[in-house]
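The values are calculated or read from the model by the stated rules, or taken from the named source; none is laboratory data. Everything numeric in this text was worked out from a predicted model, so none of it was measured. Here the Cβ positions follow ideal geometry from the backbone for every residue, glycine too, while neighbour counts run over all protein chains shown. The accessibility values were calculated without ligands, DNA or RNA, using every heavy atom of the protein model including side chains. Shrake-Rupley method; radii C 1.70, N 1.55, O 1.52, S 1.80 Å.
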Amino acid sequence: MAEYRLRPAALADARAIAEINAAAWRETYAGLMPAEALAGIDLDDWTRRWRDRISSGDSGQAVFVAFEDGVPVGFARCNRQTNPKLVPLGFDGEIASIYLLRRVQRQGLGRSLMARLAEHLMCIGCASAAVWVLRDAPKARRFYEALGATRVGVEGVWEVAGAMLPDLAYGWRDLRVLAGATVDDVRKASPIR
Ligand SMILES: CC(C)(COP(=O)(O)OP(=O)(O)OC[C@H]1O[C@@H](n2cnc3c(N)ncnc32)[C@H](O)[C@@H]1OP(=O)(O)O)[C@@H](O)C(=O)NCCC(=O)NCCS
């Protein structure tokens, strides 16, 4: 059985995160984003961006990486909420991104990464959090709903890679709901540390 682990990202993880980010975009957004944009992702540029994110403590930012048998297979990032539509609604944390390679999905890693993000956000004083999700991404929406999020009534558009994709916000009023998803809740994965 594979062994899964999570840990905070280090600068040396930036390239691997960029590669997972690109692979997961291609798996997730084929048919939604222009094929040329997905094919033309500049990995060096994305690696630089991930280095900046990992090294920056701005806005309480944190990045976690998931490993399968020592190989990076996913990541998640959070920070303090800055969105002008969500701050007034009382959401003080933001789930900024979460991506797993398709082959490791649905084994509890997403739930565990979200728990780590929630714990981090609570450590920096956040009580709640929101996340943007594509309106036409039913699997991701089911995931957030399964973790206790509800729609907050705010919609937007994700302008990315030459596409205008409608999205909407989900929120957790109490992050303890998410942080409570500890390793004990991970049924299918082997122990995560
Ligand atoms: C969305 C994502 C992060 C979820 O992580 P995961 O490890 O696959 O999900 P988990 O195994 O932790 O699932 C937890 C619960 O969420 C729900 N869920 C997860 N994936 C689901 C799916 N494809 N369809 C329906 N429900 C789903 C289930 O209730 C699941 O519990 P169960 O397996 O006991 O039924 C992951 O699938 C992923 O990276 N997808 C592609 C990228 C993406 O869409 N990211 C989100 C961008 S906003």
Original post:
Carbon and sulfur atoms: what percent of the 1.4 Å accessible area of the chain do they account for?
Top reply: 51 percent
Subject >> Using alpha carbons only: equivalent-ellipsoid semi-axes of the chain, gyration tensor based, whole Å >> reply: 22, 22, 17
Original post:
Counting only the backbone N, which residues of segment 14-50 are under 14 Å from the spot 7 Å out from the Cα of W158 toward its beta-carbon?
Top reply: 21-34, 38
Original post:
Got a sec? Charge dipole of the chain, +1 on Cβ for Lys and Arg, -1 for Asp and Glu; which of M1, A16, S128 is way out at the positive end?
Top reply: M1
Original post:
Between N83 and L43, what is the spin-label point distance in nm, taking each point 7 Å from the Cα along the Cα→C-beta axis?
Top reply: 3.1 nm
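Test of understanding: what is the full-extension gain from A146 to S55, defined as 0.36 nm times their sequence separation minus their Cα-Cα distance?
Numbers: separation 91, 0.36 × 91 = 32.76 nm, distance 3.17 nm.
This chain segment gains 29.6 nm when fully extended.
Accessible area per residue of the chain at 1.4 Å probe, in Å²? If you can, show how the numbers build up before the last one.
Working: 9600 Å² over 193 residues.
Result: 50 Å² of accessible area for each residue.
What is the calculated FRET efficiency for M1 to R26, with r their C-beta to C-beta distance and R₀ = 30 Å, to the nearest 0.05? Intermediate values should be presented prior to the final figure.
Working: r = 28 Å, r/R0 = 0.93.
The value I calculate is 0.60.
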